[in-house]
Ligand SMILES: Cc1cc2nc3c(=O)[nH]c(=O)nc-3n(C[C@H](O)[C@H](O)[C@H](O)COP(=O)(O)OP(=O)(O)OC[C@H]3O[C@@H](n4cnc5c(N)ncnc54)[C@H](O)[C@@H]3O)c2cc1C
Ligand code: FES
Ligand code: FES
């Protein structure tokens, strides 16, 4: 069936015409709402490029149905810049040169935002870096991304 | 991907009624969707109707003294960020952390993992070591089954069509550990997984091994080798060797049988040493 889901994206309630109930949130965001900052990498949950926030927690939009987030607040990379945490993370990525081709960057930024929302700068560093291992990058070798994550974490402390 | 209708029952009765009106091939149950949506994408199944458990009141975590009951649809991440689980059932915490990424665990559930019953599950071994029980609800009410009986040898759980898993109970918080080996630390399937636990009330040990066929199992002779309280170094060594020798491993593209036997003995020894003298931690809630 096609029905119109109701949720907010980046603090604005979306006004969608009916969409298939089997549609992935990733496709709704990119192709119906034109929010192409959210990337499709693998479509199997393995790369993290499609990470968005649902009620401030990171989720893989390729493995989430749009209709399953009805009533929730979705945040994409386009909306995160307006938030203090988002702006700090993005600045840290820029300062550390942690983005090369940039395809993985929105996913990393969203994953990091979720961690910082969840526990601020608390928690041990090893756990913190482990918690970013679900995002793949084929360019940077991760060193600059780890530095950017660390910098962002200090910035919200 | 074949389209389907998505329904959102609001109660257990409504959910069971949805299943009653459908045929087994025509309907599927959705919790976090991390296994189900891939199965549909890969055309392993083609349900016309998908029943979402999202609005069922099953996302709970309940301590009762030393026993913990976990709602089947609670996202795994909630287990990870609950400090009492890390303190009092550390093996469960380690096993949950071994499943995919944080973003995956924000949706993936314990119920989905159990019903999926993958031989490679990182959660089944620790649930075996903790003597966990599964609550199944169906048209005839509710029943509790030991995880060992729930996991069958056919790669499908003992769950009849029309039944749902409502909760999982861990009867006793135990010093425990889960150690695994894989090529990549995250989003890779474990080559072996070893779960160990010690009952603080009775003193006995449980040793369960995953990534074996057709399903994770306890290795009873290895458990029995741990006779002394606490077990001696020699007993720990022979228990670990028995776990390596007796696990029903096979060779596949992720590792040879020989490699797995070796690694499991190493991991079992480390895991047993980690819990041998650990006191049951944390105050009773
Ligand atoms: C990238 C990736 C990495 C992964 N890594 C790991 C890993 O390291 N270790 C590991 O063990 N697993 C891993 N998994 C597998 C998966 O994430 C887990 O099995 C997860 O716990 C399944 O839970 P879910 O809620 O998403 O299940 P769903 O996909 O919603 O459901 C799975 C199955 O169970 C049924 N079901 C779900 N809930 C119930 C219920 N309450 N009652 C009856 N039937 C039900 C569904 O119909 C379906 O058949 C990974 C998956 C992906 C995509
Ligand atoms: S596209 Fe979703 S995890 Fe890769
Ligand atoms: S910057 Fe290119 S994939 Fe990460």
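Okay, residues lined up against (1) in contact with a helix residue (DSSP H, G or I) (Cβ under 6 Å, 6 or more places away or on another chain); (2) more than 25 Å from residue A:46 (Cβ to Cβ); (3) modelled with pLDDT under 95:
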| site | (1), (2), (3) |
| --- | --- |
| B:186 | no, no, yes |
| B:190 | no, no, yes |
| B:201 | no, yes, yes |
| B:206 | yes, yes, no |
| B:212 | no, no, yes |
| B:233 | no, yes, no |
| B:238 | no, yes, no |
| B:241 | yes, yes, no |
| B:251 | yes, no, yes |
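Taking residue B:72 as the residue in question, decide whether it is touching a strand residue (DSSP E or B) at 6+ places or on another chain (Cβ under 7 Å), assigned by TED's automatic domain parsing to the domain that holds residue B:127 and surrounded by fewer than 16 Cβ atoms within 10 Å (Cβ to Cβ).
Answer is no for this residue.
Mind counting the residues in the range A:27-66 that are within 14 Å of ligand 1 (Cβ to nearest atom) and under 22 Å from residue B:52 (Cβ atoms)?
13
When you scan the range B:2-12, do you find a residue that is within 16 Å of ligand 2 (Cβ to nearest atom), part of a loop (DSSP other than H, G, I, E, B) and in contact with a helix residue (DSSP H, G or I) (Cβ under 8 Å, 6 or more places away or on another chain), even just one?
no
Hey, any hits in the range A:93-107 for a residue that's within 16 Å of ligand 3 (Cβ to nearest atom), out of contact with any helix residue (DSSP H, G or I) (no Cβ under 6 Å at 6 or more places or on another chain) and under 14 Å from residue B:102 (Cβ atoms)?
Within the range A:93-107 (the criterion being within 16 Å of ligand 3 (Cβ to nearest atom), out of contact with any helix residue (DSSP H, G or I) (no Cβ under 6 Å at 6 or more places or on another chain) and under 14 Å from residue B:102 (Cβ atoms)), the answer is yes, since at least one residue qualifies.
Limited to the range A:58-69, what total is found for residues that are in contact (Cβ under 8 Å) with a residue 40 or more places away in the chain and more than 8 Å from chain B (Cβ to nearest Cβ)?
2
For the range A:32-82, give me the residue count where each residue is under 13 Å from the mean Cα position of the chain (by Cα) and at pLDDT below 95.
The number of residues fulfilling the criteria is 1.
Give me the residue from the range A:33-57 that is within 15 Å of ligand 2 (Cβ to nearest atom) and without any contact (Cβ under 8 Å) to a residue 40 or more places away in the chain and, out of that set, farthest from the other protein chains (Cβ to nearest Cβ).
A:36
Could you tell me which numbered condition residue B:112 fails, if it satisfies all but one of (1) away from every other protein chain (no Cβ under 14 Å); (2) in contact (Cβ under 8 Å) with a residue 60 or more places away in the chain; (3) within 25 Å of residue A:131 (Cβ to Cβ)?
(1)
Filter the helices (runs of 4 or more DSSP H) completely within the range A:40-157 down to those with at least 3 residues that are crowded, with 21+ Cβ neighbours inside 10 Å.
Passing ranges, in order: A:84-96, A:105-119, A:143-156.
Kindly indicate which of B:61, B:92 is crowded, with 20+ Cβ neighbours inside 10 Å, away from chain A (no Cβ under 14 Å), away from ligand 3 (no atom under 16 Å from the Cβ) and under 22 Å from the mean Cα position of the chain (by Cα).
One residue alone meets the criteria, B:92.
Test of understanding: among B:28, B:46, B:78, which residue is within 13 Å of chain A (Cβ to nearest Cβ) and surrounded by fewer than 16 Cβ atoms within 10 Å (Cβ to Cβ)?
B:46
Which one is farthest from the other protein chains (Cβ to nearest Cβ) among residues in the range A:16-32 that are touching a strand residue (DSSP E or B) at 6+ places or on another chain (Cβ under 6 Å) and in a loop (DSSP other than H, G, I, E, B)?
Ranking the qualifying residues of the range A:16-32, first place goes to A:18.
For the range A:124-152, enumerate the residues that are in contact with a helix residue (DSSP H, G or I) (Cβ under 7 Å, 6 or more places away or on another chain) and more than 16 Å from ligand 1 (Cβ to nearest atom).
Matches in the range A:124-152: A:128, A:129, A:137, A:144, A:145, A:146, A:147, A:148, A:149, A:151, A:152.
Looking only at the range A:139-152, which residues are within 11 Å of ligand 3 (Cβ to nearest atom) and more than 14 Å from every other protein chain (Cβ to nearest Cβ)?
A:139, A:140, A:141, A:144, A:145 - these are the residues of the range A:139-152 that are within 11 Å of ligand 3 (Cβ to nearest atom) and more than 14 Å from every other protein chain (Cβ to nearest Cβ).
Residue check: is residue A:50 outside the structural domain of residue A:136 (by TED's automatic domain parsing) and within 16 Å of ligand 3 (Cβ to nearest atom)?
yes
Sort out which residues of the range A:89-118 are more than 14 Å from chain B (Cβ to nearest Cβ) and either within 16 Å of ligand 2 (Cβ to nearest atom) or at pLDDT below 95 (or both), and write them in order of number.
The answer is A:101, A:102, A:103, A:105.
Output the strands (runs of 3 or more DSSP E) that fall wholly within the range B:120-193 and possess 1 or more residues being at negative phi and within 14 Å of chain A (Cβ to nearest Cβ), or say none.
In the range B:120-193, B:176-181 are the strands (runs of 3 or more DSSP E) which contain 1 or more residues that are at negative phi and within 14 Å of chain A (Cβ to nearest Cβ).
Which of the residues that make up the range B:13-52 are part of a loop (DSSP other than H, G, I, E, B), farther than 13 Å from residue A:65 by Cα and touching a strand residue (DSSP E or B) at 6+ places or on another chain (Cβ under 8 Å)?
Hits for the range B:13-52 are B:22, B:26, B:45, B:47, B:48.
The values are calculated or read from the model by the stated rules, or taken from the named source; none is laboratory data. Nothing here was measured: the structure is a model prediction, and the numbers come from that model. Cβ sites come from the backbone with ideal geometry, for glycine too, and all protein chains shown count toward neighbours.
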